[in-house]
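A.B. asks: Just dropping this structure here.
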Amino acid sequence: MDKRIISEWNKISEYGIFDNIDEFAKLFKINPNGSCYKKYSNYEWSKENFFFGTYKELLDFYRTSTEIPFYLNKSIGSKYGQLQIKSFNVKICKNKRVYYAVCICDCGRECEKEYSKIAEGHITTCGNHKQQHKTDLLSNYKDIVERNWDYTKNKVSPENVSIHSNQSFWWIDETGSFLMKPSELQRKSFGTSFNEQCLYFYLSKIFKNVSSRKKISCSNKKYEVDIYLDDYQIAIEYDGVFWHKDKLIKDIVKTQE
C-alpha cells in the first residue's frame, strides 16, 4: 500500500473514524492529493472533526461552508442573561463564517444574535423590549428572602409581595419569627444589615424619635451611627461580624468616644 496512505492513516487510526485502512484508502481514489486535517484544531480527532482534502480545499471550507461546528451543540439549552439558545446558524460575511444563535428571550420573543457577542456577555436580551424593573421581594432581596422569609407562617410567596408594601409579614432568624413590613428592607440600600433593620423596626415601636444612619458630633468629631434615639441622645451600633470584620479598631474607637 502507498506509504503516503499509511502515513495519513497513522494520524487517525486510533480514533475510530474509519473501520480499517482499506475504507480510508478509498478517499485517495477520489482525491489523490488529499490529506487528513482537523476542522477545528483545538479539538480531538473525531468523525465530526475530520476533513480530507488539500489545504486549499480546507481553506475554502472555512470560507464557504455553512456546516454547524459540532462543539456548539453542547451550548444548546444554555442561558446567557435573558437568552436561551435554541439552535445555531452559520452566515458567510466577507469570506468568513459567523455563527449565530437562535434564542428564546425571557419576554417570549425569538431572535437571532451573533454567538460570540452572547458568549462574551455583550448581548443579553432580544433587544426588542425594555427590561421591566421588578419590584417584588424575591427579585430585589433574594439572599435575605431565602434566608429569613418564614414560608410556614406567610400565606403568600415573596415573589408576589411588593418591596413597597406596608403590610407586615413573618420573618425568621436565630431568635425566632417576627413581623416586619417589606418597606423596612429598603434601608438595605444604605448599607444596613438585615438584623440592624430588625433592631430599628422594634425600637421604632417603643420610642417615638428613632433615626437610622444618623450623623452626630462627639468630641469634636463627626460619626455616622446605625441607630440613634433622639430624645435620649443614645447611639446604638450593630457591629455584625461580616460587615465589620475589617473595621474592628475603628468601631472600638467610635464606641469609646
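A.B. asks: Which of Asn148, Phe169, Ile118 sits farthest toward the positive end of the charge dipole of segment 80-182, with +1 on the Cβ of Lys and Arg and -1 on the Cβ of Asp and Glu?
C.D. replies: Among Asn148, Phe169, Ile118, the one farthest towards the positive end of the dipole of segment 80-182 is Ile118.
A.B. asks: Enter the accessible area of His122 (Å², nearest 10), with the probe set to 1.4 Å and all protein chains included.
C.D. replies: In the full protein context, His122 sits at about 130 Å².
A.B. asks: If I take the Cα coordinates of segment 1-63 and project them onto the principal axes, what are the three extents in Å, biggest first?
C.D. replies: Principal-axis extents of the Cα atoms in segment 1-63, largest first: 34, 22, 15 Å.
A.B. asks: In angstroms, what radius of gyration and Dmax does segment 1-125 have, counting Cα atoms only?
C.D. replies: Rg, Dmax (Cα atoms, Å): 18.5, 62.
A.B. asks: Keeping every protein chain in place, order Val98, Val145 by accessible area at 1.4 Å, biggest value first, i.e. largest first. Please list the in-between numbers first.
C.D. replies: Details: Val98 25, Val145 0 Å².
The ordering from most to least exposed comes out as Val98, Val145.
A.B. asks: Against the globular-protein guess of 2.2 N^0.38 Å, express the Cα radius of gyration of segment 70-146 as a ratio, rounded to two decimals.
C.D. replies: 1.32
A.B. asks: Shifting gears a bit: For segment 82-134 and segment 15-63, write down the distance between their C-alpha centroids in whole Å.
C.D. replies: Between the Cα centres of segment 82-134 and segment 15-63 lies a distance of 32 Å.
A.B. asks: Moving on. Kindly report, to the nearest 10 Å², the accessible surface of Asp173 as traced by a 1.4 Å probe over protein heavy atoms only.
C.D. replies: Accessible area, nearest 10 Å²: 30 Å².
A.B. asks: Using a 1.4 angstrom probe on the protein heavy atoms only, line up Arg63, Arg147 by accessible area, largest first.
C.D. replies: Most to least solvent-accessible, the answer reads Arg147, Arg63.
A.B. asks: What is the calculated FRET efficiency for Asp150 to Ile236, with r their C-beta to C-beta distance and R₀ = 22 Å, to the nearest 0.05?
C.D. replies: 0.30
A.B. asks: Local charge sum around Lys205 (other residues, Cβ-Cβ under 12 Å, Lys/Arg +1, Asp/Glu -1)?
C.D. replies: After counting each charged neighbour, the total is +1.
A.B. asks: If you stretched the chain out fully between Glu23 and Asp173, how much longer would it get, using 0.36 nm times the residue separation minus the C-alpha to C-alpha distance?
C.D. replies: Working: separation 150, 0.36 × 150 = 54.00 nm, distance 7.03 nm.
Extra length available between Glu23 and Asp173 comes to 47.0 nm.
A.B. asks: Let me ask something additional. How big is the Rg/Rh ratio for segment 108-161, C-alpha atoms only, Rh by Kirkwood, two decimals?
C.D. replies: 1.18
A.B. asks: How much net charge surrounds Lys38 when only the other residues with a Cβ under 15 Å from the Cβ of Lys38 are counted, with Lys and Arg +1 and Asp and Glu -1?
C.D. replies: So the surrounding residues net to -3.
A.B. asks: Counting Lys and Arg as +1 and Asp and Glu as -1, what is the net charge of the other residues whose Cβ lies under 14 Å from the Cβ of Gly176?
C.D. replies: Result for the neighbourhood of Gly176: -2.
A.B. asks: Related question: Residues of segment 34-54 with backbone nitrogen within less than 14 Å of a virtual label 7 Å along the Cα-to-Cβ line of Ser7, please, listed as ranges.
C.D. replies: Residues 34-36 qualify, since their backbone N sits under 14 Å from the label point.
A.B. asks: About its Cα centre, what dipole magnitude does segment 1-88 give when the only charges are +1 on Lys and Arg Cβ and -1 on Asp and Glu Cβ, stated in debye to the nearest 20?
C.D. replies: With only Lys, Arg, Asp and Glu charged at Cβ, the dipole is about 340 debye.
The values are calculated or read from the model by the stated rules, or taken from the named source; none is laboratory data. Remember, predicted model here, so these are calculated numbers, not experimental data. Positions of Cβ are backbone-derived with ideal geometry, glycine not excepted, and every protein chain shown enters the neighbour counts. The area values use the complete protein model at the heavy-atom level, side chains included, leaving out ligands, DNA and RNA. Shrake-Rupley method; radii C 1.70, N 1.55, O 1.52, S 1.80 Å.
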